[in-house]
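One structure is given here, and the rest of the page talks about it.
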Amino acid sequence: MPVLRIALVSIKPGVGKSTTGVFLCKSLQELGIEPVLGDADKGASCLSWMQDAEGLGFPVVGQVVTTLHRTLPALEDGRGAVVVDAPQIEDHEAIARAALAYADVWIFPLAPGGMEVRRTMLQLRKKLNEARDFREQIGRPRDPMCEMVLLTRTNRPYATKTGPDAEFRDSLVEKGFKVMQTVIMFHDDLYRQAYGEKIETKGTTYPAAAEEIITEWERAQA
């Protein structure tokens, strides 16, 4: 069975990337897909979370190296998914590029905001193209199986048709990005304030996000 390889990537910190990694892994596990979380961020948020919680039910492995595309396959044995919490590109470009070279699914957590659209266009697009060039150099397909933006810290628990979230979504779509239908609402007591605690996905939309990612990944293989 193929392993679901996911890279969580952002230009800058503060968009819920590490939180997404932990909650997404728990959601995958609850769906019967045993994950391992590769913490490639020098801040080691996911590793610290696992330590403070005295275990999360799935392994978290430190992978702060620029050779992720070569080291991560060793984590796949007996696992259905490898989720990589990559560091922000603006500070650790080589590590993030290696994560993108490894993964078949690229997920970009982004918090809605006018500046985010500009930064996504001017920085993320360029860095993704550079990652595609690198994939070709190492003999990987130039494009991943799928790539999607996951809106985090939104003002509604669902995709809206009007309002700032909808405007942000429309702007990204116009610029060629696919945006997930599932969104992660701004809800600190469920997410950021859960840091260091056992993960409880009930009441969150991360299980729906996991299902949407799996659906897109399976569709790409058909």
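The values are calculated or read from the model by the stated rules, or taken from the named source; none is laboratory data. Just so it is clear, the model here is predicted, and its values are computed rather than measured. Reconstructed Cβ throughout: ideal geometry from the backbone, glycine too, with neighbour counts over all protein chains shown.
Things to note:
- If only residues of the range 67-93 that are of a type in the set (A, V, I, L, M) and under 17 Å from the mean Cα position of the chain (by Cα) are counted, the one that is farthest from Gly32 (Cα to Cα) is Ile89.
- Of the residues making up the range 182-215, just one is within 20 Å of Ser10 (Cα to Cα), out of contact with any Ser or Thr (no Cβ under 6 Å at 6 or more places or on another chain) and either buried (at least 19 other Cβ atoms within 10 Å of the Cβ) or at pLDDT 95 or above (or both), namely Ile213.
- Against the list (1) of a type in the set (D, E, K, R); (2) without any contact (Cβ under 8 Å) to a residue 24 or more places away in the chain; (3) in contact with a strand residue (DSSP E or B) (Cβ under 7 Å, 6 or more places away or on another chain), the condition Arg79 fails is (2).
- Count of residues meeting criterion [assigned to a loop (DSSP other than H, G, I, E, B) and without any contact (Cβ under 8 Å) to a residue 24 or more places away in the chain] in the range 146-175: 4
- Unmet criterion (only one of (1) in a helix (DSSP H, G or I); (2) surrounded by 14 or more Cβ atoms within 10 Å (Cβ to Cβ)) for Lys126: (2)
- Test: residue in the range 55-69 that is in contact (Cβ under 8 Å) with a residue 40 or more places away in the chain and within 18 Å of Lys127 (Cβ to Cβ): yes
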